[in-house]
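Since the structure comes first, as structure tokens, the remarks are kept for the end.
The values are calculated or read from the model by the stated rules, or taken from the named source; none is laboratory data. These figures come from a predicted structure and were not determined experimentally. Here Cβ is always computed from backbone atoms with ideal geometry, including for glycine, and neighbour counts include all displayed protein chains.
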Amino acid sequence: MSRTANWHIYTGTGQPRADVDLRAELPEPPPWREFRGGPVLATPTGDDHDNSRRIGTPGADTSYPADRHEIDMVNAALLLRRPLLVTGGPGTGKTSLAFRVARELALGPVLTWPITSSSKLRQDGLYEYDAIGRVHANSAKASGVTDEPTDIGNFVHLGPLGTALLPFELPRVLVIDEIDKADLSLPNDLLAVLEDGEYLVRELARVARRTPKVVVHTADPGGSAEITEGHVRCRAFPFIVFTSNREREFPPAFLRRTLQLEMQPPNEDQLASMVAAHFRNASDGSAELIRKFLRRSESEGGLAIDQLLNTVQLAATSSGLTEDRASWERLRDALWHRLSTTGFE
């Protein structure tokens with residue numbers, strides 16, 4: 001297959017493709033988004049537990065076609081090697097989009113960076129250097145307390161963004177969740193990293209003449225990677241999903257480096273597929289719950305998909321709970337409390 005034969009690599013089903021071969025299918029990047037980091041690393045593999053926890057177990061009855069615009073924007077981000085800024089209210093599937101892409105295209109475990117008001121680019125996103133821990137380890141070794149190695153690499157832990165920018169052969173999937181919670185400086189701090197696809201581990205660069213190659217910890221469970229002269233450069237630019245609840249505006253320079261996607265509320269068929277993905281033996285009453293949930297969402301707004309799943313879980317596992325209609329409706333109303341005033345969440 002030609003590398004440019006079909007730019008629609010992602011089809012939006014959220015189901016694993018048995019025939020996927022991204023090495024052959026992914027078009028070449030634009031010249032200005034071509035990176036040549038190395039040596040090239042294979043994409044880590046793992047079980048599907050985290051995907052299943054987030055988006056349910058795969059199967060024919062849990063597949064539904066995503067919105068065509070959503071599919072187009074995901075494929076554009078993959079082709080152009082640009083991050084995707086996904087906006088919408090809480091519960092509209094912004095974060096789960098990244099897991100659907102990772103599962104369908106076999107891109108390995110999803111890396112996540114949950115943003116808080118105190119999040120910093122270097123120590124939270126790129127890497128953390130435990131200088132105090134290294135001093136203590138050196139002291140313990142010098143006094144004969146331990147024989148544990150005190151190599152500097154044991155005290156460098158790459159963060160989720162730092163790990164995603166390692167020279168993987170295929171794009172890693174990274175969620176930078178709720179970017180609008182960040183301090184005003186973080187989007188601007190990200191600009192150079194997003195543009196250049198690289199960063200410097202300063203502590204390793206300082207010892208590069210004596211120790212040019214250092215093995216460090218990564219954000220993958222039990223993962224490690226070798227860094228040369230403190231310099232990390234990506235090979236395949238990661239598929240980055242920024243999620244935003246539309247609580248703030250972003251600098252034009254940040255928006256210029258991203259593609260934007262507004263998530264639409266799921267329809268009845270999509271909600272039914274989500275329920276089926278999490279509840280293989282869901283009762284027949286789940287269809288009626290979905291319809292009531294949609295009516296409530298349309299009339300009052302402010303509901304999240306999690307609230308529907310919580311209700312289905314109670315109905316499916318609590319014997320006799322729904323037999324007392326008045327009590328069940330009071331409980332359901334309590335579970336379906338409004339989260340905001342901005343419509344379907």
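Remarks
- Evaluation of Thr112 against (1) assigned to a strand (DSSP E or B); (2) without any contact (Cβ under 8 Å) to a residue 12 or more places away in the chain (one fails), failing number: (2)
- In segment 304-345, residue nearest to the chain's Cα centre (by Cα) [restricted to those that are assigned to a loop (DSSP other than H, G, I, E, B) and at pLDDT 80 or above]: Ala304
- A single entry from Val207, Val241, Val232, Val214 fulfils the requirement of being buried (at least 19 other Cβ atoms within 10 Å of the Cβ) and farther than 28 Å from Phe99 by Cβ: Val214.
- When the residues of segment 68-104 are filtered to those that are part of a helix (DSSP H, G or I) and among the small types (Gly, Ala, Ser), the one that is modelled with the lowest pLDDT is Ser96.
- Qualifying residues in segment 161-186 (those that are part of a loop (DSSP other than H, G, I, E, B) and charged (D, E, K, R)) - the one farthest from Gly230 (Cα to Cα): Glu178
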